[in-house]
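Heads up, the thing below is written out as structure tokens.
The values are calculated or read from the model by the stated rules, or taken from the named source; none is laboratory data. All values reported here derive from a predicted model rather than from experimental measurement. We place every Cβ from the backbone using ideal geometry, glycine too, and count neighbours over all the protein chains shown. Surface areas here come from the heavy atoms of the whole protein model, side chains and all, with no ligands, DNA or RNA. Shrake-Rupley method; radii C 1.70, N 1.55, O 1.52, S 1.80 Å.
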Amino acid sequence: MRPVGDGRQRVVVLAMRPEVDGGRYPAKRILDEPVTIEADLLADGHDVLAAVLQYRHAADEAWRETPLTPAGNDTWRATFTPTRLGRYQCVALGWVDAFATWRHGLERKVAAGADVTVELLEGAALIEAAAARSTGIDRGPLAAAATTVRGPGPLPARIAAAADVGLAAAIARHPDRTRATGYRHPLELHVERPLARCAAWYELFPRSTGPAGRHGTLRDAEARLAYVAELGFDILYLPPIHPIGQAFRKGPDNAPVAGPDDPGSPWAIGGAAGGHTSVHPDLGTLADFDHFVAAARDHGLEVALDIALQASPDHPWVTAHPTWFRARPDGSIQYAENPPKRYQDVYPFDFESADWEALWDALLGIFLFWAERGVRCFRVDNPHTKPLPFWEWCIAQVQATYPDALFLAEAFTRPKLTYALAKGGFSQSYTYFTWRTTKLELTRYLEELTQTDVADYFRPNFWPTTPDIFPEHLVHGGPAAFVARAILAGTLASAYGIYGPSYELMEHTPRVGAEELAQNEKYQLRAWDLDRPDSLRHVLARLNRIRRAHPALHANRSLRFHPCAHDLVLCFSKRTADHRDVILVVVNLDPHHTHGAWLDLDLAELGVAADEAFQVHDLLGDAHYLWRGPRNYVELAPGVMPAHVFELRRLVRREQHFEYFL
């Protein structure tokens with residue numbers, strides 16, 4: 001049996017990185033930020049190899065190139081910067097560099113005093129071949145160099161001509177790639193805008209923005225925009241704004257029977273006024289929504305919509321497309337359940353319907369409808385209960401028209417399923433942060449998210465609470481617990497979110513028998529006193545100012561934990577690649593007691609020399625400390641502030657007895 005391909009292709013490209021599931025899914029990267037690609041590339045023997053990285057946007061036909069350079073142990077590396085949103089393709093291409101191999105051998109033989117007459121003839125042939133391949137200004141000099149090397153001039157002059165650095169550079173510009181080997185398939189990258197990786201989200205129920213006792217409107221919600229912008233958030237996320245069904249409407253705290261004035265759950269979508277592409281009449285009109293989006297933009301905010309792919313029994317689609325829902329043997333339609341929870345007011349879509357193609361098109365139409373109205377951020381409710389192939393198709397379709405569209409997966413589910421959603425296209429995802437409370441849990445979880453290949457496709461978004469989830473440690477932790485969890489969320493992860501105003505007002509009374517708040521805003525209107533003196537609004541505003549001012553907090557890959565013997569004190573750092581911005585965070589995980597601890601800092605990670613003095617500036621409390629060496633002491637009183645967020649400032653010069661820190 002003959003070998004497949006050209007057996008004279010000696011270079012083997014074993015692997016490329018980042019590669020997700022053997023190339024099945026793209027790795028995620030950010031627009032206008034350098035991307036480093038690695039390739040394991042080798043050949044038999046000791047010949048010199050050459051390689052390039054070929055890359056292009058998926059919409060382009062022509063490839064661009066940049067050299068791959070050796071990085072040790074047969075690993076080669078190249079960097080390029082994507083300048084367009086969407087998919088990029090990359091291929092490592094390697095070949096035996098015959099001239100560089102010959103030149104290296106010539107140098108060794110000359111050094112050993114060997115006769116190189118024949119070798120010079122071999123080299124001349126290689127130079128002549130390069131001249132034949134070349135175009136433009138290189139052809140003449142290459143031909144002349146070939147004549148000189150071939151002779152019959154003096155041997156030293158011929159050797160000097162062959163060893164000329166300029167000659168080597170000219171030949172490298174016209175390589176012989178006839179036996180080059182490429183990677184087995186193009187490596188794909190999905191390039192999104194920076195907000196896909198670094199964003200602060202604020203969740204707000206518009207219906208709770210009206211005067212006490214009255215259903216709020218989108219115009220009422222506009223009055224909150226200045227408040228949210230003042231807090232420094234990037235994205236204002238609205239729960240579903242659509243008409244709400246009357247059938248099986250839930251009352252306060254998920255009561256099975258609603259009163260005549262109970263507004264129902266916004267996630268029970270659809271009624272006489274319309275479905276997923278309509279606005280609840282009590283909130284206003286589509287024109288009001290357009291005005292709201294524009295006003296938010298004027299405040300520096302993007303609007304995110306919650307897209308919940310489910311319907312109330314009153315949704316127009318239940319009548320128009322009954323096959324899109326699963327009928328039970330008794331003729332009833334299957335409602336949503338998560339025992340012991342029962343959601344009689346919600347019908348799931350049947351993705352195994354015989355009419356599934358029309359269903360897919362209709363659901364895609366929801367995203368496209370709101371994208372056409374200026375929405376580019378979508379928080380998707382329970383995506384893990386819909387087929388993965390649907391999401392991969394739907395997100396790709398939306399981003400084909402709106403490449404700046406971002407998708408946040410509200411997927412509290414099994415880890416591999418969460419990761420599969422990210423691989424399929426979701427820009428960010430909710431996580432298990434809400435339930436990770438101990439030092440060991442946080443360390444292990446964050447190292448998995450930031451130091452393994454998970455970081456190539458999964459972007460975590462940390463939420464201390466949601467309308468659906470209120471953890472026990474906030475029930476009893478008091479203000480210090482709320483502050484600590486917000487700081488952890490906003491510094492451990494480059495994307496985080498707050499359910500407000502519930503969070504900054506530290507609402508903490510749980511509903512009996514459930515891990516959620518009493519008087520849950522999902523089922524009733526609430527009135528909030530934003531000016532309460534005990535509000536955490538100023539803490540959140542400072543946290544967000546710190547996040548915006550420090551590029552070290554805009555990504556997660558540089559996260560490193562530093563040893564500290566105290567189990568209730570967590571210490572970690574983030575930095576930019578050039579160490580120009582270094583942030584060190586220390587958090588007291590005990591909301592009730594003061595704890596002191598000695599930190600054992602990895603100074604190399606912080607970019608500090610072993611004997612170098614450096615200043616740490618607490619960006620929360622505005623205090624300054626002068627430290628030297630790895631071992632330094634901190635003490636945190638939760639009643640004052642349960643965390644330090646330090647900016648490291650290094651000594652850059654001395655003038656007489658003055659020290660300057662940057």
Ranked output for segments 354-365, 538-549 by mean other Cβ atoms within 10 Å, highest leading, reads 538-549, 354-365
Mean separation of Cα contacts under 8 Å (at least 6 apart) over the residue count of the chain, i.e. the relative contact order in percent, is 10
Magnitude of the Cβ-charge dipole (Lys and Arg +1, Asp and Glu -1) of the chain about the Cα centre, nearest 20 debye, reported as 1260
Lys and Arg at +1, Asp and Glu at -1: neighbours of residue 596 with Cβ under 14 Å from its Cβ sum to -2
Carbon plus sulfur, as percent of the 1.4 Å-probe accessible area of the range 133-172, comes to 72
Note: residue 610 to residue 299 extended length (0.36 nm per residue) minus current alpha-carbon separation gives 107.4 nm
Taking the alpha-carbon centre of each part, the distance from the range 460-478 to the range 323-401 in Å is 27
Checked against the positive end of the charge dipole of the range 3-62 (+1 on Cβ of Lys and Arg, -1 on Cβ of Asp and Glu, about the Cα centre), the farthest of 45, 55, 22 is 22
Straight-line reach check, residue 28, cutoff 20 Å on alpha carbons, 8 or more apart in-chain or any other chain, hits among aspartates and glutamates -> 19, 38, 60, 188, 192, 392, 404, 410, 447, 448, 453, 456
Given pairs 439/574; 250/341; 423/574 and cut-off 20 Å on Cα-Cα distance, the over-length ones are 423/574
Stretched fully, the stretch from residue 473 through residue 137 gains (0.36 nm per residue minus C-alpha distance, one decimal, in nm) 113.7 nm
In Å², rounded to a whole number, the accessible area per residue of the chain with probe 1.4 Å is 44
Note: residue 580 to residue 344 extended length (0.36 nm per residue) minus current alpha-carbon separation gives 79.4 nm
Projecting the Cα atoms of 105, 92, 80 onto the charge dipole of the range 49-136, where Lys and Arg contribute +1 and Asp and Glu -1 at Cβ, the residue farthest towards the positive end is 80
Kirkwood Rh for the range 434-509 from C-alpha pairs, in Å, is 13.1
Semi-axes (Å, rounded, descending) of the ellipsoid equivalent to the range 99-153 per its C-alpha gyration tensor are 22, 12, 8
per DSSP, antiparallel bridges as share of beta bridges in the range 335-468, % nearest 5, sits at 25
